[in-house]
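These notes are about the structure you will find just below.
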Amino acid sequence: MCGIVGYIGTQSATEILLSGLEKLEYRGYDSAGLAAVCNGQIKSVRAKGKLHNLREKLVGMEMPANIGIGHTRWATHGKPEEYNAHPHTDDTGRVAVVQNGIVENYRELRKDLESRGHKFVSETDTEVIPHLIAEFLSNFAGNGKGGTGNRENFLEAVRQTVNKLDGAFAIAVVCADYPNEILVARQQAPISIGLGQGEFFCASDTPALVSHTQVVLSLENGEIARLTPLGVEIYNFEGDRLNKMPRILNWSPTLVEKHIFKHFMLKEIHEQPNVVRSCLEAYINSDWDAMNSLVSPTNLKLSSSLYKNLEQVEIFACGTSWHASLIGKYLLEQLAGISTTVNYASEARYAPSPLRKNTLLIGVTQSGETADTLAALAMEHQRRLDKPAEFESRLLGITNRAESSIANLVNQIIDIRAGVEIGVAATKTFVAQVMAFYFLAIDLAWQRKYLSGERIAEIINGLQKIPAQMEQMLEAQDSQIEDFAHQFNDTQDFIFVGRGINYPIALEGALKLKEISYIHAEGYPAGEMKHGPIALLDDKVPVVAIAMPGLVYEKVLSNAQEAKARDAQLIGVTPESTEADVFDSVLAVPAVDELLSPMLTVIPLQLLAYHIAAHRGLDVDQPRNLAKSVTVE
Ligand code: G6P
């Protein structure tokens with residue numbers, strides 16, 4: 001986690017670094033800091049808490065520098081206190097480092113350095129890095145290698161240092177003795193380089209770059225970039241110079257602004273109809289007709305090697321992506337007849353299931369950077385090496401960031417095309433991930449002849465109507481739910497229930513509420529309430545029941561009645577036509593095909609969580625203790 005930025009050029013570095021950090025605050029916001037090279041010295045300023053604290057500290061402070069690095073932290077090693085905030089420096093204060101990631105062997109490195117007289121002032125793993133770099137630099141000077149007079153020494157010191165570090169990290173380094181360069185290194189944690197006109201940037205994620213440049217170069221694992229006012233040079237950890245081509249982003253900087261909305265989360269909820277439209281445009285094959293089975297109904301264009309003799313699907317994901325994957329399982333099994341398992345990546349990586357033949361492995365991650373998901377996929381790939389052909393790894397990624405780390409691990413990507421999502425609580429990326437599963441299930445159903453052309457056409461027609469239905473719901477419900485949410489200002493517990501394809505929506509509704517409003521909430525399969533959780537119910541615990549016409553409609557209504565009989569306040573996410581006496585209040589959803597209903601039932605739950613948190617005056621976009629991209633285990 002954590003966000004890092006760097007700038008070198010002709011402008012004043014401080015403001016550029018601060019505005020870059022603002023765009024990365026979603027990655028962590030326990031503390032922040034920056035270091036600039038001013039008049040041959042490193043000047044470092046750090047503050048506990050959110051970025052505005054750092055901003056305030058900098059007011060009136062002279063920082064005449066055109067080169068600097070910055071950091072916004074999500075604490076891993078050491079409390080979120082100023083002394084643990086980055087940048088960290090060596091004893092002499094001439095080398096400053098910011099890190100995103102974890103140096104796993106920092107304890108032994110620190111012990112070693114301490115035995116040679118180095119003094120440490122923080123509890124972090126990062127602090128060993130500037131000490132190691134400084135030690136290499138002073139050794140070079142002692143060995144008559146020209147000391148600070150030799151330009152290659154800084155690069156060499158950083159290169160030798162990163163070769164000593166175990167773990168997943170991205171770092172940016174400045175040194176007072178090399179005032180014209182920033183060194184950036186990557187090992188399993190994301191970092192991109194931005195190329196401007198006579199100015200160069202680095203950042204953990206591209207939103208921090210787009211207002212300066214659209215020309216971007218992503219560092220790969222085991223690479224070091226040297227940024228100078230004249231350009232960017234790339235090396236590998238062995239010290240060989242590499243040739244790399246940048247790419248053009250074509251991102252509008254306005255994508256990362258809130259516009260008329262009070263929070264990014266609300267903006268992103270309202271963007272969902274267009275996200276679904278864009279997915280449909282990209283992935284539904286308009287040349288397909290139900291009578292013509294020669295072309296696929298989708299444009300996924302997945303390689304036939306992923307599908308060959310396919311017997312099952314295994315999915316790895318975390319958080320909201322895990323919920324989207326549970327809907328994916330339902331769709332793959334019910335529409336395409338493919339047995340599917342969904343794993344928490346953090347669990348599966350330490351308890352892999354026995355190898356199964358002809359399995360498609362899918363990693364689902366909006367960021368493409370979640371450490372557990374990447375590790376689970378890498379492990380699955382590794383344990384299939386040297387096995388007979390039927391066990392060969394076939395890896396598919398479902399992500400919103402086609403250029404992210406997951407792309408290096410998998411054979412193919414489904415890009416969910418949701419656009420930048422800034423709110424820490426995932427909304428539009430969730431619906432876009434679910435869309436990806438509709439396309440995958442339809443494609444497989446067609447390949448395997450599991451569904452008739454008519455049924456596939458029916459599903460596609462239903463999907464085409466979703467954007468307009470979402471729009472109607474958003475228009476009708478945003479202010480309705482804003483008013484409705486007031487009554488929950490003091491509520492301490494919520495229960496969400498659903499069944500079948502809407503059970504994962506109950507989980508997602510509960511997660512959204514927990515994440516941003518800090519209210520305790522649980523999602524349950526409605527039929528399981530009577531096996532324990534029903535004991536929690538009384539008139540203080542609202543129960544949200546998702547009841548959509550279809551296979552389990554009557555069952556959910558009965559389960560809802562059972563909750564009502566225990567005095568719970570019953571909120572229905574259900575069509576208007578549902579018998580009025582069942583629910584105390586209804587958040588109405590159009591009566592669509594049950595299989596498509598999660599695309600709509602999630603909307604009132606997102607709005608409910610949002611408005612409850614907003615009424616409580618909470619920081620909706622940056623909830624406490626969370627981060628959007630979890631690049632640590
Ligand atoms: C974090 C975020 C969640 C997200 C989860 C998985 O916990 O706060 O919103 O669902 O990571 O992220 P991924 O990028 O893998 O989908």
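Note on the range 358-383: among residues that are open to solvent by 10 Å² or more (accessible area, probe 1.4 Å) and among the charged types (D, E, K, R), the one that is farthest from the ligand (Cβ to nearest atom) is Arg383.
Considering only residues of the range 384-406 that are within 16 Å of the ligand (Cβ to nearest atom) and not in a loop (DSSP other than H, G, I, E, B), which is modelled with the lowest pLDDT? The selected residue is Ser405. Ile133 satisfies every condition listed in (1) assigned to a helix (DSSP H, G or I); (2) β-branched (Val, Ile, Thr); (3) surrounded by fewer than 20 Cβ atoms within 10 Å (Cβ to Cβ) except (3). With respect to Val586, determine if the residue is buried (at least 22 other Cβ atoms within 10 Å of the Cβ) and under 33 Å from the mean Cα position of the chain (by Cα). It is false that Val586 is buried (at least 22 other Cβ atoms within 10 Å of the Cβ) and under 33 Å from the mean Cα position of the chain (by Cα).
Here the condition is being open to solvent by less than 20 Å² (accessible area, probe 1.4 Å), more than 16 Å from the ligand (Cβ to nearest atom), modelled with pLDDT under 95 and more than 30 Å from Glu181 (Cα to Cα); of Leu306, Leu280, Leu255, it holds for Leu306 alone. When Ser211, Ser138 are screened for being open to solvent by 20 Å² or more (accessible area, probe 1.4 Å), of a type outside the set (D, E, K, R) and more than 30 Å from Ser19 (Cβ to Cβ), only Ser138 passes. Among residues of the range 347-369 that are within 20 Å of Lys387 (Cβ to Cβ), those with a Cβ under 7 angstrom from a residue that is of a type in the set (D, E, K, R) and within 13 Å of the ligand (Cβ to nearest atom), sequence gap 6+ or separate chain, pair up as Arg349/Asp372. In the condition set (1) surrounded by fewer than 22 Cβ atoms within 10 Å (Cβ to Cβ); (2) more than 14 Å from the ligand (Cβ to nearest atom); (3) not polar (S, T, N, Q), Arg349 is compliant with all but (2).
Can you pull out every residue in the range 314-338 that is within 16 Å of the ligand (Cβ to nearest atom) and under 15 Å from Arg349 (Cα atoms)? If the condition is that a residue be within 16 Å of the ligand (Cβ to nearest atom) and under 15 Å from Arg349 (Cα atoms), then Ile315, Phe316, Ala317, Cys318, Trp322 are the ones that fit. Being within 16 Å of the ligand (Cβ to nearest atom), of a type in the set (Val, Ile, Thr) and free of Cβ contacts under 8 Å to residues at least 24 places away in the same chain is the filter here; which residues of the range 575-633 pass it? Correct list: empty. Annotation note: of Ile414, Ile422, the sole residue that is touching a Phe, Trp or Tyr at 6+ places or on another chain (Cβ under 8 Å), within 14 Å of the ligand (Cβ to nearest atom), within 20 Å of Leu360 (Cβ to Cβ) and in contact (Cβ under 8 Å) with a residue 60 or more places away in the chain is Ile414. Filtered by the rule that a residue be within 12 Å of the chain's Cα centre (by Cα) and of a type in the set (Asp, Glu), the range 375-432 gives a lone residue, Glu421. The number of residues in the range 425-450 that are part of a loop (DSSP other than H, G, I, E, B) and away from the ligand (no atom under 13 Å from the Cβ) comes to 3. So, in the range 156-170, how many residues would count as being surrounded by 17 or more Cβ atoms within 10 Å (Cβ to Cβ) and closer than 14 Å to Arg186 by Cα? Number satisfying all stated conditions: 10. Taking the condition assigned to a strand (DSSP E or B) and open to solvent by 10 Å² or more (accessible area, probe 1.4 Å), does Ile413 pass? Yes.
Quick grid of which residues meet (1) surrounded by fewer than 19 Cβ atoms within 10 Å (Cβ to Cβ); (2) modelled with pLDDT of 90 or more; (3) closer than 24 Å to Ser192 by Cβ; (4) not hydroxyl-bearing (Ser, Thr, Tyr):
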site	(1), (2), (3), (4)
Leu17	no, yes, yes, yes
Leu24	no, yes, yes, yes
Arg27	no, no, yes, yes
Ser31	no, yes, yes, no
Leu34	no, yes, yes, yes
Gln41	yes, yes, no, yes
Leu54	no, yes, yes, yes
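Being at pLDDT 95 or above and either over 27 Å from the mean Cα position of the chain (by Cα) or open to solvent by less than 40 Å² (accessible area, probe 1.4 Å) (or both): is that true of Gly101 here? Considered against the rule, which asks whether it is at pLDDT 95 or above and either over 27 Å from the mean Cα position of the chain (by Cα) or open to solvent by less than 40 Å² (accessible area, probe 1.4 Å) (or both), Gly101 comes out as no. Tell me yes or no: at least one residue of the range 173-186 is modelled with pLDDT of 95 or more, aromatic (Phe, Trp, Tyr) and buried (at least 23 other Cβ atoms within 10 Å of the Cβ). Yes, some residue in the range 173-186 is modelled with pLDDT of 95 or more, aromatic (Phe, Trp, Tyr) and buried (at least 23 other Cβ atoms within 10 Å of the Cβ). Here the range 40-71 is the region considered, the condition is being aliphatic (A, V, I, L, M) and more than 17 Å from Asn180 (Cα to Cα), and the residue that is farthest from the chain's Cα centre (by Cα) is Met61. Tyr83 falls short on exactly one of the conditions (1) of a type outside the set (D, E, K, R); (2) outside any loop (DSSP other than H, G, I, E, B); (3) surrounded by 16 or more Cβ atoms within 10 Å (Cβ to Cβ), and that condition is (3). Among the residues making up the range 283-303, none is under 28 Å from Tyr344 (Cα atoms), open to solvent by 70 Å² or more (accessible area, probe 1.4 Å) and polar (S, T, N, Q). Checking each residue in the range 57-71 for being loosely packed, with under 11 Cβ neighbours inside 10 Å and of a type outside the set (Gly, Ala, Ser) picks out Val59, Met61, Glu62.
When Ala336 is tested against (1) open to solvent by less than 40 Å² (accessible area, probe 1.4 Å); (2) without any contact (Cβ under 8 Å) to a residue 60 or more places away in the chain, only condition (2) is not met. Just one residue in the set Arg55, Arg46 is among the basic types (Lys, Arg) and in a helix (DSSP H, G or I); that residue is Arg55. Annotation note: of Ile16, Ile42, Ile69, the sole residue that is touching a Pro at 6+ places or on another chain (Cβ under 7 Å) and closer than 20 Å to Leu227 by Cα is Ile69.
The values are calculated or read from the model by the stated rules, or taken from the named source; none is laboratory data. Values in this document were obtained by computation on a predicted structure and should not be read as measured data. When we count neighbours, we look across all protein chains shown, and the Cβ atoms used for this are built from the backbone with ideal geometry, even at glycine. What goes into the accessible areas is simple: the full protein's heavy atoms, side chains included, and nothing from ligands, DNA or RNA. Shrake-Rupley method; radii C 1.70, N 1.55, O 1.52, S 1.80 Å.
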